[in-house]
1. Condition first: assigned to a loop (DSSP other than H, G, I, E, B) and buried (at least 16 other Cβ atoms within 10 Å of the Cβ). Now tell me which residues in the stretch 185-195 satisfy that.
2. Do you know which of the residues in the stretch 1-32 that are among the hydroxyl-bearing types (Ser, Thr, Tyr) and under 23 Å from Gly149 (Cβ atoms) is surrounded by the fewest Cβ atoms within 10 Å (Cβ to Cβ)?
3. Looking only at residues in the stretch 33-62 that are farther than 25 Å from Ile293 by Cα and away from the ligand (no atom under 13 Å from the Cβ), which one is surrounded by the most Cβ atoms within 10 Å (Cβ to Cβ)?
4. Only one of Lys317, Lys312, Lys278 is among the charged types (D, E, K, R) and closer than 13 Å to Asn249 by Cα; which?
5. Checking the conditions here, which among Thr13, Thr3, Thr27 is free of Cβ contacts under 8 Å to residues at least 24 places away in the same chain and among the polar types (S, T, N, Q)?
6. With respect to the numbered conditions (1) part of a loop (DSSP other than H, G, I, E, B); (2) closer than 30 Å to Thr265 by Cβ; (3) under 17 Å from the mean Cα position of the chain (by Cα); (4) not aliphatic (A, V, I, L, M), which one is the sole condition not fulfilled by Ser59?
7. Hey, among Asn241, Asn249, Asn296, which residue is surrounded by fewer than 19 Cβ atoms within 10 Å (Cβ to Cβ) and within 19 Å of the chain's Cα centre (by Cα)?
8. Within the stretch 276-293, which residues are of a type outside the set (A, V, I, L, M), over 21 Å from Ile147 (Cβ atoms) and crowded, with 18+ Cβ neighbours inside 10 Å?
Amino acid sequence: MITLKNHSLAPYTTIKIGGPADEFINTKSSEEFVSCLKSIAPSIPTILGNGSNVLISDSGIRGIVIKNSSSDIEIIDTAPIPVKFNHTYTQRNENEPEKYLDFSKIDYDESDKPQVLVKISSGTPLPYAINFLIDKGITGLQWFAYIPGTVGGATWYNIHGGAYHFSDYLESIEVFNLETGKYETFYKKDLEWKYEKSFFQSNPHLVIISTTIRLFKGDADLAKQVKNAWIAQKTKVQPMNSAGSAFANPSLEDSIKNWGEQKSTGWIIDHELGWKGKQIGGAQISLQHSNFIVNNGTATAKDVSALIEEIKSEVQKRFSFTLEPEIKFLGDF
Ligand SMILES: Cc1cc2nc3c(=O)[nH]c(=O)nc-3n(C[C@H](O)[C@H](O)[C@H](O)COP(=O)(O)OP(=O)(O)OC[C@H]3O[C@@H](n4cnc5c(N)ncnc54)[C@H](O)[C@@H]3O)c2cc1C
């Protein structure tokens, strides 16, 4: 475990932006991750998974940043007592599925298949976990293909893929409590899960160490096909040199008030603002999808946040509701 002082964080994010951390520690296993957390408790560090949902300020982050690079997958029970699969999310359709994403053609139900419990350390890259498990005949995570985060980030954010939430698959989460210096286990059923919301977002002293999920002994060939088809669709419209979707979609109520039907933020930026391709410095509204802001190579966090602010205020001015950013801002803005 090496501690680096004044270390640039840009390489640890998908958008490749961000100033230095006062102290940067890259932990390569769960043991290193926990021992690092124990050594600094009760202080609360900044945790980075794969940096795919964050915009780090140009002045960086004060204090300690821990990059979680642990990667372990354990199949813990191949025949648990089955639990009814609870499907909590149905995708709000894109306004132009032929141009963006069309999940309806690849969705299928496998909830009648035998279940399996798998424990995954939080630093494990989600794409690696999906491939590793499908190769073992364990399916369920194929809907989350192409999402470039870690399992810890997926749990913290409660990611959505197609018509599914990550919480649909959760069983329990093991955390390290920085206040008490102890491990704790939280069960999915005891916590509230919403679209892109988890209990952990308002409890930064609880660091996710591993997540146990309930998957299926499903059709691995079909899962692989669906995964590849989904990746092919997403590659066309979701640029990797971004921090994911810039904004959440407007609420149904705001959408109906303005357009009489549900509209996506990408559609609003594209069709109402006509801002596809708009640039501030090196930050640009993606030509692939208007709800993504990309780094053209020279963007600063200031450029990206200025573009976010301009979009927000233009939408507020013209439609009298506020777009909520989905990107997590770290450091001073
Ligand atoms: C091209 C692209 C496509 C995307 N597609 C989707 C999509 O389809 N659906 C979707 O929901 N998201 C999507 N995202 C957003 C993003 O990938 C997810 O939110 C992902 O789960 C973030 O994980 P991460 O490891 O990168 O987290 P990071 O960005 O590193 O961190 C995000 C937050 O989680 C916290 N965190 C991370 N790990 C832990 C931990 N172990 N314990 C406590 N807190 C932790 C961090 O402190 C930070 O506040 C996309 C992003 C990109 C760039």
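1. Scanning the stretch 185-195 gives a single hit, Trp193.
2. First, pick out the residues of the stretch 1-32 that are among the hydroxyl-bearing types (Ser, Thr, Tyr): 3, 8, 12-14, 27, 29-30.
If we keep only those that are under 23 Å from Gly149 (Cβ atoms) as well, we get 8, 12-14, 27, 29-30.
Values: Ser8: 14, Tyr12: 21, Thr13: 21, Thr14: 19, Thr27: 21, Ser29: 16, Ser30: 20.
Looking at the filtered set, the residue picked out is Ser8.
3. Keep residues of the stretch 33-62 that are farther than 25 Å from Ile293 by Cα, which gives 33-45, 62.
Adding the requirement that they be away from the ligand (no atom under 13 Å from the Cβ) leaves 35, 38-43, 62.
Working: Ser35: 12, Lys38: 12, Ser39: 11, Ile40: 15, Ala41: 18, Pro42: 10, Ser43: 11, Arg62: 14.
Residue satisfying both the conditions and the ranking: Ala41.
4. Numbers: Lys317 fails: closer than 13 Å to Asn249 by Cα; Lys278 fails: closer than 13 Å to Asn249 by Cα.
Exactly one of Lys317, Lys312, Lys278 is among the charged types (D, E, K, R) and closer than 13 Å to Asn249 by Cα, namely Lys312.
5. Details: Thr13 fails: free of Cβ contacts under 8 Å to residues at least 24 places away in the same chain; Thr27 fails: free of Cβ contacts under 8 Å to residues at least 24 places away in the same chain.
Just one listed residue meets the conditions, Thr3.
6. The failed condition is (3).
7. Numbers: Asn249 fails: surrounded by fewer than 19 Cβ atoms within 10 Å (Cβ to Cβ); Asn296 fails: within 19 Å of the chain's Cα centre (by Cα).
Within the list Asn241, Asn249, Asn296, the selection yields Asn241.
8. Narrowing the stretch 276-293 to residues of a type outside the set (A, V, I, L, M): 276-279, 281-282, 284, 286, 288-292.
Next, only the ones that are over 21 Å from Ile147 (Cβ atoms) stay: 276-279, 281-282, 284.
If the condition is that a residue be of a type outside the set (A, V, I, L, M), over 21 Å from Ile147 (Cβ atoms) and crowded, with 18+ Cβ neighbours inside 10 Å, then Gln284 is the only one that fits.
A short reminder: the numbers here are calculations on the coordinates, not readings from a lab. Just so it is clear, the structure is predicted and the values come from calculations on it, not from any experiment. Here the Cβ is made from the backbone with ideal geometry for all residues, glycine too, and neighbour counts use every protein chain on show.
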